[in-house]
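First comes the structure, then the notes that go with it.
The values are calculated or read from the model by the stated rules, or taken from the named source; none is laboratory data. Predicted, not measured: the structure shown is a model, and the values here were computed from it. Heads up, the Cβs are rebuilt from the backbone with ideal geometry, glycines too, and the neighbour counts pull from every protein chain shown. Ligands, DNA and RNA are stripped out before the accessible areas are found, and what is left, the full protein with its side chains, is counted by its heavy atoms. Shrake-Rupley method; radii C 1.70, N 1.55, O 1.52, S 1.80 Å.
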Amino acid sequence: RRGSQRAAESDRHARSAAAARAAALAGRRSRSAAAPQLAAPELEIPPVVRRLLREDYAAVDPAAPAMLKLLRDKGAGECWHKHGSFQVHLVNTWRILAAWGQDEATTRCGLFHSAYSNSYVNLSIFDPDNGGREEMAAAIGAEAEALTYLFCVIDRHGTITERLVPGLVDGDEEMLAAFRAGGTLEVPGANGGPPVQAPVADLVRLLIFTLADVAEQHHSWQDELTNGRYFEGQGVGVALHQAMAPWPGDGRPGQWLSFGSRLMRAARVALEAIGDGNHSISLPPVFNRGAALLEPDAEAAARDLYWRAATAAPRDLLGPGGGNPKPDPSPNLN
C-alpha cells in the first residue's frame, strides 16, 4: 500500500511539473506574440542565381563545362587552398562574379585567376612560357586570358592594398588624374619583377574580382595567421605569420567586410573618374555599390556579438527571468 501511495504521489508531482512547464511555455509564447513581428520580404531569386544554385553552369556560360573539365584535367582539385581545394575556390569565385552580373572576361578570369601562380601563392597549373597562355586563351578567350595573366604578373598586395585602395578612397589627385586620362597606370610586378603598365579599366576589374576572391576564402584562420594584419601593409608577409595558428581555426567569420567595403568604394571612385561613357563595367550590388563604408571597429564588434550568440548557451542570451532575448546591438554596428 505504501508503495502504491509513493507511486501516486510521484505521478502527481510529474503531472504538476509538466503543467508548470506548459504554463511557462505558454507565457513565453504569449510574450512573443505580443512583440511586434517583422514580415520577411518577398524576394525573387534572380535567374542567374537560380541557375547557379541548380549548378546549371552551361546556362550561365556555354563554355563552363569545357572550362571546368580543363581545370580538373590540370589537377586544380588536387591542390589545397585555404578551406578546400584550388578548384573549389576557383569555381566559387566564378559563381560570385557571375551572380554579381560581371562581364564574361571578368567572370572567366575569376575561374582561372591564379592558374599561372601569382604574388600570393604558387599554384601554377599552366606554364605561360611553354604554351600555357595559348591553351588558356583557346579555352576562355583572349580577353579573359590577358586579364588572368595581368593579375598573375602584378604584385596584387602592393597594387591593391598599398596603392589603389588608399589612393582612390582618400582622393589622391595624381591617381585620380591617371584614371581620368584613361590609358595605363604603372604598378609593381609580382615577386620583385619589373613594373607593369596596367590598363586602368582592368585595375577596376581587379578591385571587383578581389572582393569576390576575398569573400570566398577569408575566415578567422587567416586573421589568426597574420595576427589581424592580413589587409594592413605587408601583413601577408611570411615573416609575420603566426606559426602556432592552427588550421582551420575556430570557425569564426573572418574580418574582411571592412576591407571589402573599401574595395568597392575604390572601384566606385575609379569608375566615376574614368567616366560613364568610357567603360562597360558594372559595380556589384554590395556595400550600396561602393557608397557605404564599414569601419573595422564596428565590424569587429558585430562579429564578436554574433560569435557570442552562436556559441553561448541559450540561457545566457535571455533577458531577466528567461523572458524575451536581450537587445542585440549588432544591427547598428554592421
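Is it the case that Asn130 is under 22 Å from Pro248 (Cα atoms), part of a loop (DSSP other than H, G, I, E, B) and open to solvent by 30 Å² or more (accessible area, probe 1.4 Å)? In short, no.
Of the set (1) open to solvent by less than 20 Å² (accessible area, probe 1.4 Å); (2) at positive phi; (3) not small (Gly, Ala, Ser), all apply to Asn227 but (1).
In the stretch 286-305, how many residues are farther than 30 Å from Asp250 by Cα, in a loop (DSSP other than H, G, I, E, B) and open to solvent by 60 Å² or more (accessible area, probe 1.4 Å)? Don't jump to the end; show me each part of the working.
Just the residues of the stretch 286-305 that are farther than 30 Å from Asp250 by Cα, to begin with: 288-291.
With the extra rule that they be in a loop (DSSP other than H, G, I, E, B), the set shrinks to 291.
With open to solvent by 60 Å² or more (accessible area, probe 1.4 Å) added as a condition, the list becomes none.
Number satisfying all stated conditions: 0.
For Ser119, the conditions (1) hydroxyl-bearing (Ser, Thr, Tyr); (2) open to solvent by 20 Å² or more (accessible area, probe 1.4 Å); (3) modelled with pLDDT of 90 or more all hold with the exception of (3). Candidates in the stretch 166-188 are the residues that are of a type in the set (A, V, I, L, M) and surrounded by 12 or more Cβ atoms within 10 Å (Cβ to Cβ); of these, the one that is farthest from Leu271 (Cα to Cα) is Val187.
In the stretch 259-268, the residue that is nearest to Ala212 (Cα to Cα) out of those that are in contact with a Phe, Trp or Tyr (Cβ under 8 Å, 6 or more places away or on another chain) and open to solvent by 10 Å² or more (accessible area, probe 1.4 Å) is Phe259. For the stretch 189-215, a residue qualifies if it is modelled with pLDDT of 90 or more, open to solvent by 20 Å² or more (accessible area, probe 1.4 Å) and assigned to a helix (DSSP H, G or I), and the qualifying residues are Ala201, Asp202, Arg205, Ala215. Among all positions in the stretch 220-242, there is no residue which is touching a Cys at 6+ places or on another chain (Cβ under 8 Å) and in contact (Cβ under 8 Å) with a residue 40 or more places away in the chain. Screening Asp155, Asp129 for residues that are modelled with pLDDT under 95 and out of contact with any strand residue (DSSP E or B) (no Cβ under 9 Å at 6 or more places or on another chain) leaves exactly one candidate, Asp129.
Somewhere in the stretch 258-272, is a residue among the aliphatic types (A, V, I, L, M) and at pLDDT below 95? No: the stretch 258-272 contains no residue that is among the aliphatic types (A, V, I, L, M) and at pLDDT below 95. Residues that are open to solvent by less than 60 Å² (accessible area, probe 1.4 Å), within 25 Å of Gly254 (Cα to Cα) and in contact with a Pro (Cβ under 9 Å, 6 or more places away or on another chain) within the stretch 40-96 comprise Lys82, Ile96, listed in sequence order.
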